[in-house]
Amino acid sequence: MELIARKGDILDAETDLLVVGMYKEEDWENPFISRLQAALGTKMKKLAKAQDFEGKPGQTLLFPAPDAMSTDYIMIVGLGKMDELPLSSIREAAGNAIQTAKKLGLERVAIEMFGEDDKDFDAAKTGRAMAEALLLADYSFSTYKKKKGANIKQIDLVAENGNDARRAQKAVESVQDVMSGVTLARDLVNTPAQDMTPTKLAEAAREIAASSSSIRVKVLDREQCAKKKMGAYLAVDQGSDEPLQFIHLTYKPKGRAKKVLALVGKGITFDSGGLSIKPSKSMETMKCDMAGAASVLGAFKALARLQPKVEVHGIIAATENLPSGKAIKPGDIVRASNGKTIEILNTDAEGRLALADSIHYASKLSPDAIIDLATLTGACVVSLGEEVAGVMSNNAEFANAVLVAAAGAGEKMWQLPLEQNYRKLIESDVADLRNTATSRYGGSITAGLFLKEFVPEDVAWTHIDIAGPAFAERPIGSYLAKGGTGFGVRTLVSLIENL
Ligand code: BES
Ligand code: ZN
Ligand code: ZN
């Protein structure tokens, strides 16, 4: 699919679906709409009335174009009130345009740059939001389907003003780089666990490294991880027949790096719960338990294209969590690579075990900061819902940088406290730590506190629990389909670019 921003008169666009926006209070006074009305006669208002179209955000009005125009269909999308056109309404409207084009099986879409006549209009910001929504909405996962989804070939984002068009085109180009990473992450998450094994994840990492001279990859096997005494990670792995893959990607910029950052992703390619087995309903979507790893890989794909001046490490301890005659048992005690012993009370709290050794490994790379992304706790979905990630950190300044990056990237995150009084809940009678807290309350926080035990005190660290937003069980708005969302990639890239 080709997406470009260009200057032009939207009504002259040669396309299949022509999309213009309308504000709620505009009442058909908009110059585009007036010209459209002139071309169509006055029936349009009647049509709108019949379909309750008032220009509210999310509303759309679709009709066939008159023969004199070089488009097949025209769609008016509601933008809400003019003086409060938020990026969320812009994204929603752009997503609606793509949904309609897909439904009609159209190949070309020309869409008006929304809000260009607003006094606060920022072509880069709007261009970015529109490009993101258009590309997110265009995504479909049809690897396993005979009937593939409709394929949009060309999207033109049309601005009236040449300067706006140029600025928007710049934004479009950088969005495309980031979205290549988001799309990769979505594909990796959507691919079923039978095909997205630890070995396949390592292959994906090798492919990324092969495509760029600034990225290298190293993959450790079980024996090498045993040498590094990664007893917690190995404990999760021991029930699986698939060979584990401990993946370490390194991106080095040309010239001096301003900072060193380590990205750690949870890479459980399937989480059955192990012997503390999950009920079947909860297991249905557990191919998504490598979404943190997918976001790290997605970020690396984008880094290769964006070439930031930061050294970045990507760490993924990939394995499956399965029950078997060899699986770890509740009551077993393991020793992590930092020397701490862990009593395993619930084998379904496996993410923190694999992350413990991953975080310790990352801390040995002399990073300025570590950030981990993990589908870690159902408790986080209970507290923040399906669209918001939980953020926990040992460093207020770094946490803030992550939250600012997330807000700018349009990814929803909310900070939770690493309450020290809850630390006693993960103390064990027989080991240094227990892998589940003695209270079922505050489960995301106790999981965060557990991870903190593996971070050196002088290293800034932020943990992002993406159990909710990594995988959409229902579509989100008009532009995010069910399944893997690629959540985290945009925040990581934006954070790295701002460092
Ligand atoms: N992978 C799950 C968490 C999860 C839940 C991710 C829902 C995505 C959606 C994790 O390994 C897990 O099972 N956590 C347990 C921890 C508990 C045993 C302390 C949970 O949340 O129930
Ligand atoms: Zn689990
Ligand atoms: Zn898990």
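Based only on Cα atoms, what Rg/Rh ratio does segment 444-488 have, Rh being taken as Kirkwood's radius?
Details: Rg = 14.8 Å, Rh = 12.7 Å.
Value, to two decimals: 1.17.
For the chain, what is the relative contact order in percent, using Cα pairs closer than 8 Å and at least 6 residues apart in sequence? Please list the in-between numbers first.
Values: 1165 pairs, mean separation 75.8, N = 499.
Relative contact order comes out at 15 percent.
Compare the Cα positions of V182, A204, G477 along the charge dipole of the chain (+1 at Cβ of Lys, Arg; -1 at Cβ of Asp, Glu; about the Cα centre) and return the one farthest towards the positive end.
A204
Ordered by packing density, taken as the mean number of other Cβ atoms within 10 Å over each peptide's residues, highest first, how do 262-272, 362-372, 226-236 rank? Could the numbers behind the result be given before it?
Values: 262-272: 28.7, 362-372: 20.8, 226-236: 22.4.
Most protected by this proxy first, the peptides run 262-272, 226-236, 362-372.
Average projected area of the Cα convex hull of segment 188-313, in nm²? Present the calculation step by step, with values, prior to reporting the outcome.
Values: hull surface 33.7 nm².
Its Cα hull, projected and averaged over all orientations, spans 8.4 nm².
Suppose a student asked you for the relative contact order of segment 113-204, using Cα pairs under 8 Å spaced at least 6 residues apart; what percent would you report?
Values: 50 pairs, mean separation 34.1, N = 92.
Once divided by the residue count of segment 113-204, the mean separation gives 37 percent.
Give me the distance in nm between label points sitting 7 Å out from Cα along the Cα-to-Cβ direction at F121 and V404, one decimal.
Here the answer is 2.9 nm between the modelled labels.
For segment 165-243, what number results from the quotient of the Cα radius of gyration and 2.2 N^0.38 Å?
Values: Rg = 17.6 Å, N = 79, 2.2 N^0.38 = 11.6 Å.
With N residues counted in segment 165-243, Rg over 2.2 N^0.38 Å equals 1.52.
Once the principal axes of the Cα atoms of segment 273-327 are found, what is the range along each, listed largest first in whole angstroms?
47, 24, 11
What percentages, rounded to whole numbers, describe P(r) for segment 1-54 computed over all alpha carbon pairs with 10 Å bin width beginning at zero?
19, 50, 24, 7
Any chance you could get the radius of gyration and Dmax over the Cα atoms of segment 310-390, in Å?
14.8, 45
Based on alpha-carbon positions alone, could you give the equivalent ellipsoid semi-axes of the chain from the gyration tensor, as √(5λ), descending, whole Å? Intermediate results must be reported in sequence, preceding the final value.
Details: eigenvalues 419, 96, 85 Å².
After scaling each eigenvalue by five and taking roots: 46, 22, 21 Å.
Send over the per residue convex hull volume for segment 96-220, Cα only, as a whole number of Å³. Display every interim value, and only then the final one.
Details: hull volume 17.6 nm³, N = 125.
Cα convex hull per residue, to the nearest whole number: 141 Å³.
Give the order of R440, R434 when sorted by the count of other beta carbons within 10 angstrom, beginning with the fewest. Provide the component values of the computation, followed by the final result.
Working: R440 10, R434 22.
Result, fewest neighbours first: R440, R434.
State to the nearest 20 debye the size of the charge dipole of the chain about its Cα centre, where the only charges are +1 on K and R beta carbons and -1 on D and E beta carbons.
Taking the Cα centre of the chain as origin, the dipole is about 1100 debye.
Placing +1 at every Lys and Arg Cβ and -1 at every Asp and Glu Cβ, with all other atoms neutral, what dipole size does segment 43-132 have around its Cα centre, in debye to the nearest 20? The partial results should precede the final answer.
Working: 13 positive and 15 negative charges, 79 e Å.
Once rounded to the nearest 20, the dipole reads 380 debye.
In whole Å, what are the extents of segment 299-352 along the principal axes defined by its C-alpha atoms, from largest to smallest?
47, 25, 15
With a 10 Å radius around each residue's Cβ, average the other Cβ atoms per peptide and rank 99-105, 442-448, 140-146, highest first. Present the calculation step by step, with values, prior to reporting the outcome.
Details: 99-105: 16.3, 442-448: 24.1, 140-146: 11.1.
So the peptides 99-105, 442-448, 140-146, ranked by packing, come out 442-448, 99-105, 140-146.
Averaged over all directions, how much area does the convex hull of the C-alpha atoms of segment 360-499 cover when projected, in nm²? Don't jump to the answer; show the numbers that get you there.
On the way: hull surface 36.1 nm².
Answer in nm², one decimal: 9.0.
Whole number please: convex hull volume per residue of the Cα set in segment 1-97, in Å³? Don't skip to the answer; put the middle values down first.
Working: hull volume 10.4 nm³, N = 97.
Taking the convex hull of the Cα positions in segment 1-97, it is 107 Å³ per residue.
Label points 7 Å out from Cα along the Cβ direction at E387 and R35: separation in nm?
If labels sit at E387 and R35, their model points lie 3.5 nm apart.
How far apart, in nanometres, would the label points at A150 and K326 be if each is projected 7 angstrom from Cα along the Cα-to-Cβ direction?
With each label point 7 Å from Cα toward Cβ, the separation is 5.0 nm.
For q values of 0.15, 0.17, 0.18 Å⁻¹, compute log₁₀ I(q)/I(0) with the Debye formula on a Cα-only model of segment 243-396, without solvent.
Taking Cα atoms of segment 243-396 as identical point scatterers yields -0.85, -1.06, -1.16.
Using only Cα atoms, figure out Rg for segment 79-124 and give it as a multiple of 2.2 N^0.38 Å.
Details: Rg = 12.2 Å, N = 46, 2.2 N^0.38 = 9.4 Å.
Here the answer is 1.29, to two decimals.
How much of the calculated P(r) for segment 399-438 lies past 12 Å, in percent of all Cα pairs? Don't jump to the answer; show the numbers that get you there.
Values: 523 of 780 pairs.
When every Cα pair of segment 399-438 is considered, 67 percent fall beyond 12 Å.
What area, in nm² and to one decimal, does the C-alpha convex hull of segment 97-146 cast on average over all directions?
On the way: hull surface 17.3 nm².
That works out to 4.3 nm², a quarter of the Cα hull's surface.
Which value at 222 nm does the chain reach when only helices count, each DSSP H run of 4 or more adding -39,500 (n - 2.57), with the total divided by all residues and rounded to the nearest 500 deg cm²/dmol? Walk me through the intermediate numbers first.
Details: 15 runs with 181 residues, N = 499.
Estimated from H runs of four or more residues: -11500 deg cm²/dmol.
Tally Lys and Arg at +1 and Asp and Glu at -1 over the other residues with C-beta under 14 Å from the C-beta of A65: what net charge comes out?
Working: positive: R35, K43, R108; negative: D12, E14, D16, D67, D72.
Surrounding charge for A65 is -2.
Values quoted throughout were computed directly from the atomic coordinates according to the rules given, and no laboratory measurement underlies them. Everything quoted here is computed from the prediction, not taken from an experiment. Cβ sites come from the backbone with ideal geometry, for glycine too, and all protein chains shown count toward neighbours.
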